[in-house]
Amino acid sequence: MTAQYINSSPWYTTPIRGTYLDLLNIRAVSADTDDYLYTIEAQYAYRPDLLANDLYGDPRLWWVFTQRNLDILQDPVLDFVPGTQIYLCKLSSLKVALGL
C-alpha cells in the first residue's frame, strides 16, 4: 500500500517509489502582486502552524510561509521569530496555487 498525501501537503507532488517517498519535489509558492508584508507577532513565535491556522484555517499549511520566503526562513520553525518580516499569500491565491 502506498501513501497518499492531500493537496495541502508539502509532499503532495513528491513521487512515491514502492513504499518509500522519493526525493522531495518542492512545491513552489510564487510571489503574487497581492501578497502582503507581515511582521511575526510574539504569539506565533516558533509556531508557523498557529499562524497558518489563523490565516488559512488549516495548520497543515505551515510550510507555505517558508516556501514563499526562502530568502528569510531557512528553518521553518527556528527562524519563525517575533519581529521577522515575511510575505503572506492571500487565501484565495493560495487555493489557486495549491489546487485547494
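Per-residue ellipticity at 222 nm computed for the chain from its helices equals -6000 deg cm²/dmol, with DSSP H segments shorter than 4 residues left out and the rest contributing -39,500 (n - 2.57). Across the options Gly83, Ala31, Gln43, the greatest Cα extent toward the positive end of the charge dipole of the chain (unit charges at beta carbon of Lys, Arg, Asp, Glu) belongs to Ala31. When every Cα-Cα distance of the chain is counted in 5 angstrom steps from zero, the calculated P(r) takes the values 2, 13, 23, 24, 18, 11, 6, 2, 1 percent. For the pair Tyr20 and Ser92 in one chain, pulling the backbone fully straight at 0.36 nm per residue adds 22.6 nm over the alpha carbon distance.
With only Cα atoms counted, the range 1-41 has Rg and Dmax values of 14.9, 43 Å.
Sketch the reach of a paramagnetic label on Leu37 as a point 7 Å from Cα along Cα-to-Cβ, and name the residues of the range 68-84 whose backbone nitrogen lies under 18 Å away. Label zone hits: 68-73, 81-84.
Applying 1/(1 + (r/R0)^6) with R0 = 30 Å to the Cβ-Cβ distance of Ile72 and Ile6 gives a FRET efficiency near 0.65. As a ratio to 2.2 N^0.38 Å, the alpha-carbon radius of gyration for the range 17-58 is 1.67.
Any read-out appearing in this document is the output of simple, stated calculations on the displayed coordinates, not a laboratory observation. As the structure is a prediction and not an experimental result, all values here were calculated from the model. Cβ atoms come from the backbone with ideal geometry, glycine included; neighbour counts cover every protein chain shown.
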